[in-house]
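Asker: There's a structure below that I have some questions on.
The values are calculated or read from the model by the stated rules, or taken from the named source; none is laboratory data. Source: prediction; values computed, not measured. Methodologically, a virtual Cβ is constructed for each residue, glycine included, from the backbone with ideal geometry; neighbour enumeration extends over all protein chains shown. Just so you know, the surface numbers come from the protein's heavy atoms only, side chains and all, with ligands and any DNA or RNA stripped out. Shrake-Rupley method; radii C 1.70, N 1.55, O 1.52, S 1.80 Å.
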Amino acid sequence: MRILFTSWAWPSHLHPMIPLAWAARLAGHDVLVAGQPAIVPEICAAGLPAARIGTDVDLAALIPNMPGGPARARAAGRPAGHPLSIFTAMAGAMLPGLTELVGAWRPDVIVHEPTTYAAPIVAARFGLPHVRHLWGVDFPQTLRGWEAEALAPLAAEAGVAVPDPRGAFTVDPCPPGLQLEPDGPRQAVRHVPYNRDAIWPGPLPRAADRPRVCVTWGSVLGRYGGGGSDAARVVGALAKLDVDVVVTVAARDRAGFGAVPDNVVLLEHAPLAQLLPGCAAIVSPGGGGTFMTAVVLGVPQVICPGVPDQRLNAVQLAKAGAGLDLGGPDPGDQELRDAVEHLLAGPGFAARAAVLRDESAAAPDPTEVLRRIEALTSQRIGDQP
């Protein structure tokens, strides 16, 4: 079986699909991962065969103006921007190249992250099944009412009716206690944390009588002017608490910290999956990879959300009682300290984070998803004359 995976150039949307792609390769299937030129190094770093398709889009110009929906626009006194504008721009840039690739390589199925809307359009053109793979809470579900209108011009360009972006089914790594009510067929999967180039730093020093708090401001959004609070300021605020602070940053951001207090350890490209088991809390903007890694490891979170999917993550986490939503990307120093102290003050947040961890652990591994994809393509082949 030939399985084509595809994502637009946003690494944290690609990364959750990598374990499934590797499961498919280990099972003997032919796997190819397609993306815009900017994401090809991420694909290659995962040891997967890459196909360069389409053109890159100027994300730096789009990210700061990403709309949060009509209500936010009305509150700001301006006309509502289209919530799918960034995703339709990506789809338009990918559509010709993805069409050419599918026509030449002839996959049996396309697996795509949910905002790569070129995938269902190309699948419709070639009569292929397609499968959505979420990165966490189903943020694209909140955009469902806009999809048909936004995708109509692209579908017309491809010569097809507007397809259902949900596909045959949705691969869902988010535990039920966090997820929105499903609006279509789902296949649960255990989220497997992935870090591209992380290096385990070895055992970290700590004071035995005080908790450890992790701080990370993610590895992607800050490149494009959408990162919100400066991580160095956040660390400076939390260092005044009686806690150990461990910070993981990209090498390009290291110089911005200067000298750090004695209770702070600064690490470059450290893998969250190895750091978080020793932490009592994590403070972050709540991006997909960070958010889901903390969820599967049962670590309570303080989220300072910036863009819409981070805000949804924060809202769902707060509803589940496993963390705090600070409502925006730039909380004050005292607000940060108060939130962390509140999170650490009692067992409630940790207990509810543990419930989500156990839900995640109970989900099947990627091989179960692969079996469902195999059944899907076998049925299609059997139905052909």
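Asker: Rounded, prolate or oblate for the stretch 1-49? Axes are the square roots of the Cα gyration tensor eigenvalues, ordered a ≥ b ≥ c, and the cut-off for rounded is a/c under 1.5.
Answerer: Here the stretch 1-49 falls in the prolate category.
Asker: Sort out for me the Cα centre separation of the stretch 353-377 from the stretch 83-98, rounded to whole Å.
Answerer: 29
Asker: With unit charges on the beta carbons (Lys and Arg positive, Asp and Glu negative) and the dipole taken about the Cα centre of the stretch 278-385, which residue among P308, S284, A345 sits farthest to the positive side?
Answerer: P308
Asker: Probe radius 1.4 Å, ligands and nucleic acids ignored: give me the carbon and sulfur share of the accessible area of the stretch 127-211 as a rounded percent.
Answerer: Numbers: 2220 of 3910 Å².
That share works out to 57 percent.
Asker: Assuming 0.36 nm per residue, please report the length gained on full extension of the stretch L180 to D358 beyond their Cα-Cα distance.
Answerer: 62.3 nm
Asker: Now, a different point. Rounded to the nearest 500, what is the chain's calculated 222 nm mean residue ellipticity when only DSSP H runs of at least 4 contribute -39500 (n - 2.57) each, over all residues?
Answerer: Mean residue ellipticity at 222 nm (helix-derived): -12000 deg cm²/dmol.
Asker: Another question, then. So, R0 is 45 Å and r is the distance between the beta-carbons of C44 and E149; what FRET efficiency does that work out to, to 0.05? Kindly include the intermediate steps, with their values, before the conclusion.
Answerer: Numbers: r = 36 Å, r/R0 = 0.81.
It comes to 0.80.
Asker: With +1 on the Cβ of every Lys and Arg and -1 on the Cβ of every Asp and Glu, and nothing else charged, how large is the dipole of the stretch 298-385 about its Cα centre, in debye rounded to the nearest 20?
Answerer: On the way: 8 positive and 13 negative charges, 58 e Å.
Charge dipole of the stretch 298-385: 280 debye, to the nearest 20.
Asker: Assuming 0.36 nm per residue, please report the length gained on full extension of the stretch D30 to R210 beyond their Cα-Cα distance.
Answerer: Working: separation 180, 0.36 × 180 = 64.80 nm, distance 4.99 nm.
Length gained between D30 and R210: 59.8 nm.
Asker: Pulled fully out, how much extra length does the chain show between R2 and D230, if you take 0.36 nm times their separation in residues and subtract their Cα-Cα distance?
Answerer: 77.7 nm
Asker: Charges at C-beta only: +1 for Lys and Arg, -1 for Asp and Glu. How large is the resulting dipole of the stretch 110-268 about its Cα centre, in Debye rounded to 20?
Answerer: Computed charge dipole of the stretch 110-268: roughly 300 debye.
Asker: Give the Kirkwood hydrodynamic radius (Å, one decimal) of the chain, defined as one over the mean of 1/r across all pairs of different Cα atoms.
Answerer: 21.5
Asker: In debye, nearest 20, what is the charge dipole magnitude of the chain about its Cα centre with +1 on Lys and Arg Cβ and -1 on Asp and Glu Cβ, if you could check?
Answerer: I would put it at about 180 debye.
Asker: If you don't mind, another one. I'd like the distance between the alpha-carbon centres of the stretch 118-148 and the stretch 273-351, rounded to an integer number of Å.
Answerer: 28
Asker: Need one word for the stretch 234-385: rounded, prolate or oblate. Basis is the Cα gyration tensor (sqrt eigenvalues a ≥ b ≥ c); a/c below 1.5 gives rounded, then a/b vs b/c decides. Please list the in-between numbers first.
Answerer: On the way: a/c = 2.37, a/b = 1.94, b/c = 1.22.
Prolate.
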